[in-house]
Amino acid sequence: MSTPFYVSPEQLMRDRADFARKGISRGRALVSLQYADGIVFASENPSAALHKVSEIYDRIAFAAVGRYNEFENLRIAGVRLADMRGYAYDRRDVTGRGLANAYAQTLGTIFSSGGEKPYEVELFVGEIGDSAEDDQLYRLTYDGQVVDEHGFAAIGGAAESVGGYLKERYTKGASLEDAIRLAVAALGHTDTDDREIAAKDLEVAVLDRNRTQPRKFRRIRPATLVEILGSVTATPPVEEAKPTAVEAPAEKPVDEAPLATPVDDDGDPPIAPPLD
Amino acid sequence: MTESRIPAAYMTPGTSSFADFLTAQSPDLLPRHNAVPGNLTDIAPHGTTIVAATFPGGVIIAGDRRATQGNLIAERDMRKVFPSDEYSAVGIAGSAGIAVELVKLFQTELEHYEKIEGTTLSIEGKASRLSALVRGNLPMAMQGLVVVPLFVGFDPDAAKGKIYGYDPTGGRYEQTGYTGVGSGSLFAKGSLKKLYRPDLDEAGLVAVLIQALYDAADDDSATGGPDLSRRLFPLVHVITADGGRTLPDAEVAAVAENVIAGRLQRPDGPIAELEA
């Protein structure tokens, strides 16, 4: 029988962290920004069916990068925890902080236990309050650390260059349109060049304080995205493909006009509009 | 939420039904209780009359506000009509406490499915889930704590409103046109039989349903009519392709006052025309 090699605890943890980090950095970045009326989440995601950003509860959203099956398990656990608590107590008793804690404990335990492979995920738990000051944005790493973010944050591959781009340009209290434009520009930014990401390859969702329903989560549809993004770049192909986009930029100079777009969608159910 | 790692059951993919999850994890939270001897009919208040009817493009459900306990009026302002999600609503008759819990479970069930699966249930699917919940209450029903819901919703595929009636064993019956449930439903249905037309518009149908509830209150002591002195009026919920909305009190009050004004002239209400 051979004697196992001695591995120091420091080395063991470093190896596990490297393993998790490597897995996460392979994926695309995901950004989260606080804007005047809530929090916006954006990521490059060509799949319309497999979501990276999801609704957890009335005012709480979840966004993640990394291994899909792992963060999907965490998402489902979050929905179950939240619904269970809301059912047993009251809807107001479900908090983002509680959820972030539960995730942190879980990720931390898995990371430091010898028996399990560390999760290759990084995630956001966002919660909106009655005003922008009450909004919370937690970033959780693969080892269960929780960071209370303010304003903006990026996770996933290239998170550093994307985060750096945001740091230079982020302004507090921006409109939803401006926040989305900045988020998408940041996602397309690398140290070498900037590229434009097509609206159909984007997944954008918001927690919107202005929604009249108790459930504040809302996905921004590709058609709306084309309008928002097109009004700045106004590239000819976009205008040809979507005749409506031609009218939209014309209305944009009016200050109130940008607000009208998201409010239009308000009658839709937050997850899957059945009437399309 | 939890102070330590999320329990394994929460992280295990599987059911997207909240009721099933609750049954497995915390059966004590279900709206059913261990068998206790005797007949419990009169230990808790009873909700009474609910009516529902379809019109071109939607469906309307309405309920009176009274709950009775034996010969006493237990509640004058009870809510017995609840939106279950954006495109459906449920009205309840029977043992009030259990019924309200059942509705809460049903609401959570629909929202939970929507969040886990990323899509809404079909109207049949929703009605079927409600069947299962009502069937779970059968042991309690045998002891007198009967709950009988009335479920309505908008079916986007057929582009029309639908109504489902239930029995205490969970049996579900799709209804055409109009129906009622609860102690005063006999009189309400008789009234609807003479006043209902399939081609009524939304406002017309609201008036007809208020007439029917008035007739129920007229002949059934357990059903409450419009309460002018306390300004308590029936709850009316309208569902169309644009989603559901509970009519504001002022709107229902105007209709109810109109109905009462008519009854001052003719206490038995409008006369159905005789065909020659």
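Worth pointing out:
- Residue, most open to solvent (accessible area, probe 1.4 Å), within region A:181-218, restricted to residues that are polar (S, T, N, Q) and closer than 26 Å to B:THR108 by Cα: A:THR212
- Single residue of A:ARG14, A:ARG92 found to be farther than 25 Å from A:GLY156 by Cβ and either in the same structural domain as A:ALA199 (by TED's automatic domain parsing) or assigned to a helix (DSSP H, G or I) (or both): A:ARG92
- Filtering region A:128-159 to residues that are among the acidic types (Asp, Glu) and open to solvent by less than 60 Å² (accessible area, probe 1.4 Å) leaves A:ASP135, A:ASP143, A:GLU149.
- A:GLN11 meets all of the listed conditions (1) within 14 Å of another protein chain (Cβ to nearest Cβ); (2) open to solvent by 10 Å² or more (accessible area, probe 1.4 Å); (3) without any contact (Cβ under 8 Å) to a residue 24 or more places away in the chain but one, namely (1).
- Of residues in region A:212-244 being of a type in the set (S, T, N, Q) and modelled with pLDDT of 85 or more, the one nearest to the chain's Cα centre (by Cα): A:THR224
- Test set (1) surrounded by fewer than 22 Cβ atoms within 10 Å (Cβ to Cβ); (2) within 14 Å of chain B (Cβ to nearest Cβ); (3) more than 16 Å from the chain's Cα centre (by Cα) - A:TYR68 fails condition number: (3)
- Every test in (1) modelled with pLDDT under 95; (2) within 22 Å of A:LEU207 (Cβ to Cβ) is passed by A:SER43 save one, and that test is (1).
- Identification of helices (runs of 4 or more DSSP H) wholly contained in region B:72-154 with 2 or more residues that are within 14 Å of chain A (Cβ to nearest Cβ) and at pLDDT below 95 yields B:96-117.
- Hits in region A:54-79 (condition: hydrophobic (A, V, I, L, M, F, W, C) and under 25 Å from A:ASP18 (Cα atoms)): A:PHE62, A:ALA63, A:ALA64, A:VAL65, A:PHE71, A:LEU74
- Of everything in region B:184-219 that is of a type in the set (Asp, Glu) and assigned to a helix (DSSP H, G or I), the residue that is farthest from B:ARG65 (Cα to Cα) is B:GLU202.
- Count - residues of region A:87-125 that are touching a helix residue (DSSP H, G or I) at 6+ places or on another chain (Cβ under 7 Å), facing chain B (nearest Cβ under 7 Å) and either surrounded by 20 or more Cβ atoms within 10 Å (Cβ to Cβ) or on the phi > 0 side of the Ramachandran plot (or both): 3
The values are calculated or read from the model by the stated rules, or taken from the named source; none is laboratory data. Note that the structure is predicted; figures quoted are calculated from it, not measured. When we count neighbours, we look across all protein chains shown, and the Cβ atoms used for this are built from the backbone with ideal geometry, even at glycine. Please note that ligands, DNA and RNA were not included when accessible areas were found on the heavy atoms of the full protein model with its side chains. Shrake-Rupley method; radii C 1.70, N 1.55, O 1.52, S 1.80 Å.
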